1. Every residue in the stretch 73-96 that is farther than 17 Å from residue 7 by Cβ and either without any contact (Cβ under 8 Å) to a residue 24 or more places away in the chain or surrounded by fewer than 14 Cβ atoms within 10 Å (Cβ to Cβ) (or both), please.
2. All but one of (1) modelled with pLDDT of 95 or more; (2) in a loop (DSSP other than H, G, I, E, B) hold for residue 79; which doesn't?
3. Going residue by residue through the stretch 39-50, is there one that turns out to be closer than 20 Å to residue 85 by Cα, touching a strand residue (DSSP E or B) at 6+ places or on another chain (Cβ under 7 Å) and either modelled with pLDDT of 95 or more or outside any loop (DSSP other than H, G, I, E, B) (or both)?
4. Quick check on the stretch 10-17. Is at least one of its residues loosely packed, with under 14 Cβ neighbours inside 10 Å and in contact (Cβ under 8 Å) with a residue 40 or more places away in the chain?
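The values are calculated or read from the model by the stated rules, or taken from the named source; none is laboratory data. All of these numbers come straight from a predicted model, not from anything done at the bench. FYI the Cβ positions are ideal-geometry reconstructions off the backbone, even for glycines, and counts take in every protein chain you see.
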């Protein structure tokens, strides 16, 4: 069984759907925490609560019933999980051990620009190996 975190489950209530599939009903009253496919999911067990996304009833049903291609399902799961995790971090439900203000001001690496312009190596002129003969040439026939 996956790790159960009641605060994460409760956080889905009234949220916007993070999947936004073509089937989305956009109704925050139907949003629940949808558990993503994972190694711990299957056989009557759900994945961990932190491997989940906020989803409306229509998107949840579409993903559970596999109404889309595998690529589209993976896209919507990834987008939903990314958006949900971002919401949890911003609300303080999930704590990332980094000072967010400091992380925004991370120093940029200096570009390595050469001190002098690079010399161009000039390429040899193109030489045609085969040249068509003009119509007046004698071929020795």
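1. Across the stretch 73-96, the qualifying residues are 73, 74, 75, 78, 82.
2. Every condition holds for residue 79 apart from (2).
3. no
4. Looking for residues that are loosely packed, with under 14 Cβ neighbours inside 10 Å and in contact (Cβ under 8 Å) with a residue 40 or more places away in the chain, one finds none in the stretch 10-17, hence no.
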